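Working notes for the structure below.
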Amino acid sequence: MTIEFAQEQDRLDPLSGYKDKFFHSDESLIYLDGNSLGRLPMATLEKSEDLLRQQWGDRLIRHWNEGWFDAPKRIGVKIAQLIGAKPHEVIMADSTTINLFKLVVAALKNKKNRKSIVTDDLNFPSDLYVMQGAIELLEQDHKLQVIPSEDGIYGPTTDLIQALNDDTALLSLTHTVFKSGYTYDMTAMSQAAHDVGALTLWDLSHSVGSVEVKLNEANADMAVGCSYKYLNGGPGAPAFIYIREDLQEELINPITGWMGKKNLFDFALDYEADNSLQKFLTGTPTVTALELMEPGVDLLLEVGMPALRAKSIKQSEYMIALFDEHLAAYDFSLKSPRESQWRGSHISLGHEEGLGIDLAMIKEQNIIPDFRPPDNIRLGIAPLYLSFEDIYESVSRMTTIMDARLYEKYSQTKQFVT
Ligand SMILES: *Cc1c(COP(=O)(O)O)cnc(C)c1O
């Protein structure tokens, strides 16, 4: 496959113009880590001036009633459109980990007589830590069943379904898993959980803005997700919570604070939960971060998930074709599902020299992927700002690294955050 092929794909691409809607300070950098931290939208840069000068500088506390107070719900309504939920089913709050904690505890309290949480070993470690911590805190002899994946790539769906029974309180899974990029069939897993009377909790951190999530259609009960990956919300941007409407009344937020209280400005001394999803807020929202994540969400709404997903699939298939043609011969292995229907928007390649190659990509060839131990190089496909030529060029630079054995220089390096 030639570079002309990639250039032709870019000419035919209806979304190619979106690249310029993001900040680029280094034209030769190929950024393949949009699955970890999305790029900065130009619109966010422009809004930051207004946020600081007008909203904070000029309006001061008056702006609480001019947009800040409504921000968690206003942006929640927008995210709801991206994940197939109703407008009042999503609200912005805290971080993904904290929201997970709230919902895990809420689920265990709700299913009082059931003692098991079922999950898998492809889950994000923080999710497992939260479940372990919640079980310890509650001291109700809950047990966490971590079902192993056979190959570290595909979710163990059959074994998970078999592990579900009338003792299961909660099935908690990451929808698109962080290493291999495998994406669960949400409808089938929800159905299996509901068949035994369990609740479902989905972590959408790697799904929102990358695959077409349809929470209502899949009958999902609860979900959380972050906004700094494919939503381009900025480092540490706030997370979201989804709870299906008919569960909102019965689930309680275990971190009761004034922002979740009914009539919060009466400053009454006794807590009473708000009737809406607002009750899953705790303290004052991180307004500056919320305001700055909104333009990224607006960009995705403008493009629409079907168009975005179509481009993501095309680009991922192109990357896999280039892997087959150029990289497989250097002993890379594909550690993501080959079939698009089972894959999110990043591709994992395994290699014995994975960490050294990852570092050589960053330091010698100006490509930024990321690395997850023991040997996974993750190549993130963020279709809004990645071109087909970028993908061609990244594989070409990787073959340079392999031919010149540039990774040898880094093979002894200790691991650090990538
Ligand atoms: C990125 C990610 C998180 C991040 O959680 P934080 O609370 O924002 O640190 C959680 N879960 C998954 C699956 C992720 O990919």
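The values are calculated or read from the model by the stated rules, or taken from the named source; none is laboratory data. The shown structure was predicted, so the numbers you read here are calculated from the model rather than taken from an experiment. Quick reminder, even Gly has a Cβ in these numbers, built from the backbone with ideal geometry, and neighbours come from all protein chains shown.
Points to keep in mind about this one:
- Residue within segment 76-87 that is more than 16 Å from the ligand (Cβ to nearest atom), part of a helix (DSSP H, G or I) and over 27 Å from GLY304 (Cα atoms) present: no
- Taken together, THR174, THR168 contain a single residue that is β-branched (Val, Ile, Thr), surrounded by 21 or more Cβ atoms within 10 Å (Cβ to Cβ), over 19 Å from the mean Cα position of the chain (by Cα) and modelled with pLDDT of 95 or more, which is THR168.
- Evaluating PHE388 against the criteria (1) surrounded by fewer than 23 Cβ atoms within 10 Å (Cβ to Cβ); (2) in contact (Cβ under 8 Å) with a residue 60 or more places away in the chain; (3) of a type outside the set (D, E, K, R) leaves one unmet condition, (1).
- One residue stands out among those in segment 88-119 that are more than 22 Å from ASN216 (Cα to Cα) and not in a helix (DSSP H, G or I): the one that is farthest from the ligand (Cβ to nearest atom), which is ASN113.
- The numbered conditions (1) in contact with an Asp or Glu (Cβ under 8 Å, 6 or more places away or on another chain); (2) farther than 24 Å from ILE75 by Cα are all true for PRO238 except (2).
- Checked across segment 10-21, the condition of being touching a strand residue (DSSP E or B) at 6+ places or on another chain (Cβ under 9 Å) and more than 25 Å from GLU317 (Cα to Cα) holds for no residue.
- Residues within segment 321-340 that are without any contact (Cβ under 8 Å) to a residue 40 or more places away in the chain, surrounded by fewer than 17 Cβ atoms within 10 Å (Cβ to Cβ) and not hydroxyl-bearing (Ser, Thr, Tyr), tallied: 6
- Qualifying residue in segment 265-285 (condition: in contact with a Phe, Trp or Tyr (Cβ under 7 Å, 6 or more places away or on another chain) and part of a helix (DSSP H, G or I)): no
- In the set (1) part of a loop (DSSP other than H, G, I, E, B); (2) over 26 Å from THR176 (Cα atoms), the condition left unmet by MET259 is number (1).
- Candidates are the residues of segment 3-35 that are over 22 Å from MET398 (Cβ atoms) and basic (Lys, Arg); the one that is farthest from the chain's Cα centre (by Cα) is ARG11.
- Taken over segment 329-361, the criterion of being in a helix (DSSP H, G or I) and either touching a Gly at 6+ places or on another chain (Cβ under 6 Å) or within 18 Å of ASP403 (Cβ to Cβ) (or both) is satisfied by ALA329, TYR330, GLY354, GLY356, ILE357, ASP358, LEU359, ALA360, MET361.
- Any chance ALA289 is within 16 Å of the ligand (Cβ to nearest atom), within 29 Å of TYR31 (Cα to Cα), surrounded by 14 or more Cβ atoms within 10 Å (Cβ to Cβ) and in contact (Cβ under 8 Å) with a residue 60 or more places away in the chain: no
- Picking from residues in segment 146-162 that are among the aliphatic types (A, V, I, L, M) and touching a Pro at 6+ places or on another chain (Cβ under 9 Å), the one that is nearest to HIS206 (Cα to Cα) is ILE153.
- Residues being under 25 Å from SER207 (Cα atoms) and hydroxyl-bearing (Ser, Thr, Tyr) - total across segment 354-399: 4
- LEU327 in contact with a helix residue (DSSP H, G or I) (Cβ under 9 Å, 6 or more places away or on another chain), within 20 Å of ILE347 (Cα to Cα) and at pLDDT 95 or above: yes
- Just one of (1) farther than 30 Å from ILE381 by Cα; (2) within 12 Å of the ligand (Cβ to nearest atom); (3) of a type in the set (Val, Ile, Thr) fails for ILE255. It is (2).
- Filter pass, LEU308 being out of contact with any His (no Cβ under 8 Å at 6 or more places or on another chain), surrounded by 22 or more Cβ atoms within 10 Å (Cβ to Cβ) and within 19 Å of SER205 (Cα to Cα): yes
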